[in-house]
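Each reported figure results from applying straightforward, stated rules to the coordinates on display, with no laboratory input. No experiment lies behind these values; they were computed from the predicted model shown. Reconstructed Cβ throughout: ideal geometry from the backbone, glycine too, with neighbour counts over all protein chains shown.
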Amino acid sequence: MKSFTALLLCSLPFGLQAQLNKPATNYVTISSGESEKEIIYKAAHVTPSPRQLRWQKLELTAFFHFGVNTFTDKEWGDGKEDEKVFNPTALDAKQWVKTVKEAGFKQVIITAKHHDGFCLWTSKYTAHSVKQSPWKNGKGDVVKEVSDACRELNIGFGVYLSPWDRNSALYGTEAYNDYFVNQLTELLTQYGRVDEVWFDGANGEGPNGKKQVYDFNRWYELIRRLQPTATIAIMGPDVRWVGTETGRGREMEWSVIPADLNMMAKIAGDSQKDVAFAPTGDKRENDLGSRDKIRNAHGLVWYPAETDVSIRPGWFYHTKEDSKVKTPQQLFDIYFSSVGRNGVLLLNIPPNREGRLSEYDVKNLQRFKQLMDRTFQQNLAKNAVIKCANGMNTHAMTDGKYETYFTTKGQDTTATIELTFPSAQTFNILSLQENIAVGQRIESFVLEYKEANEWKKITEGSTVGYKRLLLFNAVNAKQVRLRILSSRLNPTLSEFGLYKGD
Ligand code: FUL
Ligand code: CA
């Protein structure tokens, strides 16, 4: 197996190599003999690339699984589907994009081609596409309708292109990599800016019974050249699959991890491969980046987690699942366990056979948004007098701006931040955000309140990262403190929030 370092040095696209050589870097090498102290110092300086930072700040992104499976009632098509089955009666991509935008989502990803090989755009390189369908007399292009809607409504646009293609006769041969590059080129050149390219890990057999050896580096090079600001997920260098499709990330989620974990072989190995649909498969290990994990690493890389989950049991629309759409409360819990655990949520909302998001999904998304707005409407910490003996910029923690941040003086890696309210306040949510533009540093923290002159624990955690949300039984207190117990370098806090949820 090639190490990721070797992969980087010999085969990464020039653009990426140049970017990695800049002083602020999302990758560092570690030589043998470096002390733990040196390694931790290096880890604290690994920062996201601009495209990774933009992506992390999106928080909420939406997936649209749509294709022949929508009409055959399947999850994984076998590639033998008649193109004529694809016939949405009232396709309205603007309704999809508008619905998710109004619910707070900042970017969408459309399944341009799923494992069945059916293309939602009129690719020049195959007949297995919308071209042969009755929809708009073969003149329709779903990818275009989605990208136009994204541009009009000003939200990010991404494509899912399944490397595994159960229709293409070329699959399993070297020519398939050319075919794939041609299709990717169409998607990257015909629809304006593309913000995310999502490669699935599934790699099964094609029609000739052979598996494909994917030419990932060629694909990455193409994307960097044609769409340099796009993040490549999850079989790619920018964004890592969290390891489960349940919507639950790790409580300790380091975005800086040993570079070896960025290896394609490892990621492919962890991906779903069976035709038997198993959406709850859990490949999470609970620790990828603690001191124990990075002590013996050969390199460290900024490789953040994306948490993908469907609003329904399946990824594609099935009428029988109309009653199983996740409730606003379930979506809210997922927000806490994905975005609130230093991840980006990729929530799938599958359009139905009409070519619209169903009323059930729309209603639950709207109520989810109301719940979010209600919960995070007022940061109670803003009303407190905040003090930290060794701190700088304490006011920056509650100004609502991510770019302004609190940090400690000198070399201090711990801090006690004390909040005094004019009168006792009731709250049940803690929200912390590190300024990841300078790195991820906090390793351990505890929130306490004062009762009868004694400090009592409310909640505690390890990593923070871009966002950490903790829910606890409501507390009523006039004095509260956050103790940062351990960090890899001076801790930072862009925002500190205390909220009272329902
Ligand atoms: C999986 C696929 O096999 C599912 O069908 C779905 O597209 C999901 C997002 O990724 O690996
Ligand atoms: Ca701030």
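From the alpha carbon centroid of segment 60-109 to that of segment 153-186 is 17 Å.
Once the chain from Ala474 to Leu226 is taken as fully extended at 0.36 nm per residue, the excess over their C-alpha distance is 84.2 nm.
Site pair Trp455 and Asp73 shows an inter-label distance of 6.1 nm when each label is modelled 7 Å from Cα along Cα→Cβ. Report, ordered by chain and residue number, the lysines lying within cross-link reach of Lys293, taken as a straight Cα distance under 18 Å and ignoring same-chain residues fewer than 8 apart. Excluding near neighbours in sequence, the set is Lys37, Lys42, Lys266, Lys283. Take the Cα of Ala175, step 7 Å toward its Cβ, do the same at His298, and the gap between the two points is 3.7 nm. Excluding same-chain neighbours fewer than eight residues apart, the lysines reachable from Lys74 by a Cα-Cα span under 18 Å are Lys84, Lys113, Lys273, Lys320, Lys324. In straight-distance terms, cross-link reach from Lys409 covers every one of the lysines whose alpha-carbon lies under 16 Å from its own, apart from those fewer than eight places away in the same chain; here that gives Lys387. With both labels modelled 7 Å from their Cα along Cα-to-Cβ, the Ser35 to Met392 distance reads 2.5 nm.
Arranged from fewest to most other beta-carbon atoms within 10 Å of their beta carbon, Lys382, Lys106, Lys467, Lys37 become Lys37, Lys382, Lys106, Lys467.
Each Lys or Arg adds one and each Asp or Glu takes one away; over the other residues whose Cβ falls under 12 Å from the Cβ of Thr99, this sums to +2. Extension gain, Thr319 to Gln132: 0.36 nm times the residue separation minus the Cα-Cα distance gives 64.8 nm.
For the pairs Lys382/Lys467; Lys101/Lys363; Lys101/Lys326; Lys101/Lys382; Lys80/Lys210; Lys80/Lys326, note any where the Cα-Cα span goes beyond 21 Å.
Lys101/Lys382; Lys80/Lys326
Each Lys and Arg adds +1 at its Cβ and each Asp and Glu adds -1 at its Cβ; summed about the Cα centre, the chain shows a dipole of about 880 debye. Ranking Asn182, Val142, Gly340 by how far each Cα lies toward the positive end of the dipole of the chain (charges on Cβ) leaves Gly340 at the top.
The spacing between segment 304-338 and segment 391-470, judged by their C-alpha centroids, is 30 Å. Here the peptides 159-167, 143-151, 469-477 are ranked by packing, the mean other Cβ count within 10 Å, and the order with the highest first is 159-167, 143-151, 469-477.
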